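*Asks:* Quick one: the structure is below, and I'll ask about it shortly.
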Amino acid sequence: MNRPGIILVGALALGVAIFAGSYYTARQATVACCSRPADDLSWLRTEFHLSDADLARIRELHAGYQPKCAAFCAKIAAKQSELDAVLDGGTNSTAEARLKLDELAALRAQCQANMLQHFVAVSQVMPPDQGRRYLAEMKRLTLGHHEQFEHSMSGETGHEQHH
Amino acid sequence: MKENNQASDDPRISALLRQARLAPDLPPRFPQQVWRRIENAAAPATSASWLDAVVNLLLRPKLALAAVALVLLMGGLAGTLEGRQAARHDAQMHYLASVAPAALR
C-alpha cells in the first residue's frame, strides 16, 4: 500500500478508536449518573412530567399499595411452593396439582386485579393524557407479556386477534 | 547578403522549396488520437490524486484537530443518548419491580 493509503487507513482507525472511546465513556458516565434511582417513583416523575403535588399524592397511593402487593407476593410464593411440592411428589397427584394450579391462578388473578386497580388510581392523579399513557404503558409492561405468550401458544398473530 | 535576400524573395524559389519539403505520412486515426489526449489532459483528478488531496487535508493540523473534535463530540453525544435510554429503562424496571410482582410479569 502506498503512503497516502496507509495514512488514510491509520486516520480512519484512529477515528473509530476515538469515537468508540468517547461513546463508551459518555454512556458509562450517563448510566452511572442517572441509573439505579433511590426513589421508586423517579421514573414516573420524569416520564409523565408530574408536578410535586401529583407526585406526593401518588407517593401516598404507592405507600398504601405496597403492603398489599407484598402480601400477595408472599401468598403466591407460598402457593407456588405447595405446587412444586405436589409436583415433586410423583405422577399420581394430578388432581391435587390441578387444585394447587387453580388456587395459584386465582391468587394471581386477585393480585393482577389489585395491581390494575392501583394503576387506575395512579392514572387518575395524573393529567388525563399522561394518565392514559401511563395505563397503556403499565398494561403493556405487566399484561402484555402474557398476551404475547398466549397468542404465540395459540398460533394467532396480534392482528388476527382484533378481527 | 543582399543577393541572398533577393533570392529568398523570389517566388519561384519559394515554390520550389515548398515542393521539396517532405511532409511525413500521419499515423492512422491521428486526429482522433490527438483529441483523446486533449480530453485525458482535461479530465478530473484520478483516484490517486484524490487520495493525495484527502491525505493532505488530514495532515493539516487545524483540520485534523477539527476532525478529532467532531468525532469526539459525535461519540460523546451517541453515548449520552444511549446511556439515557439505558438509565430510563433501568428506572422503569425499578418502578415496575416496586408495583408488579415478578411472578406476574
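*Asks:* In whole Hz, with x marking every Gly and Pro, tabulate ³J(HN,Hα) for segment A:94-110 from phi via Karplus 6.51 cos²θ - 1.76 cosθ + 1.60, θ = phi - 60°.
*Replies:* Along segment A:94-110, the couplings run 4, 5, 5, 5, 4, 4, 5, 5, 5, 5, 5, 5, 5, 4, 5, 5, 4 Hz.
*Asks:* Could you give me the ³J(HN,Hα) list for segment B:66-80, computed from phi with Karplus coefficients 6.51, -1.76, 1.60 and θ = phi - 60°, whole Hz, x at Gly and Pro?
*Replies:* Result, rounded to whole Hz: 5, 5, 4, 5, 5, 5, 4, 5, 5, x, x, 5, 4, x, 5.
*Asks:* Continuing with the same structure: Got a sec? Which residues in segment A:1-42 would a label at B:Asn40 touch, if it sits 7 Å along Cα→Cβ and we count backbone N under 12 Å?
*Replies:* none
*Asks:* Enter the mean number of other protein chain beta carbons within 10 Å of the beta carbon of each residue in A:68-74, as an integer.
*Replies:* Mean number of neighbouring Cβ atoms from other chains: 2.
*Asks:* Now for a different question. What is the diffusion coefficient of segment A:39-124 in µm²/s, taking the Kirkwood radius over Cα pairs and the Stokes-Einstein relation at 37 °C with a viscosity of 0.692 mPa s? Could you put the intermediate results ahead of the total?
*Replies:* Values: Rh = 15.1 Å.
My calculation gives 218 µm²/s for D.
*Asks:* Something else: At q = 0.11, 0.21 Å⁻¹, what is the base-10 log of I(q)/I(0) for segment A:1-81 according to the Debye formula with one equal point scatterer per Cα and no solvent? Please give it to two decimals.
*Replies:* Reported log10 I(q)/I(0), two decimals: -0.61, -0.99.
*Asks:* With a Förster radius of 35 Å, plug the Cβ-Cβ distance of B:Phe30 and A:Ile6 into 1/(1 + (r/R0)^6) and report the FRET value to the nearest 0.05.
*Replies:* The pair B:Phe30/A:Ile6 has a calculated efficiency of 0.25.
*Asks:* Compute the Kirkwood hydrodynamic radius of segment A:70-114, taking the inverse of the mean of 1/r over all pairs of distinct Cα atoms, and give it in Å to one decimal.
*Replies:* Its Kirkwood hydrodynamic radius stands at 10.7 Å.
*Asks:* Looking only at other chains, what is the average number of their beta-carbon atoms within 10 angstrom of each beta-carbon in A:3-9?
*Replies:* Mean inter-chain Cβ contacts per residue within 10 Å come to 4.
*Asks:* Treat the count of other C-beta atoms within 10 Å as a stand-in for reagent exposure and order A:Tyr24, A:Tyr134 from fewest to most.
*Replies:* A:Tyr24, A:Tyr134
Every number in this text was worked out from the coordinates using simple rules, so none of it is lab data. Keep in mind that what you see is a predicted model, and the values were worked out from it rather than measured. Here the Cβ is made from the backbone with ideal geometry for all residues, glycine too, and neighbour counts use every protein chain on show.
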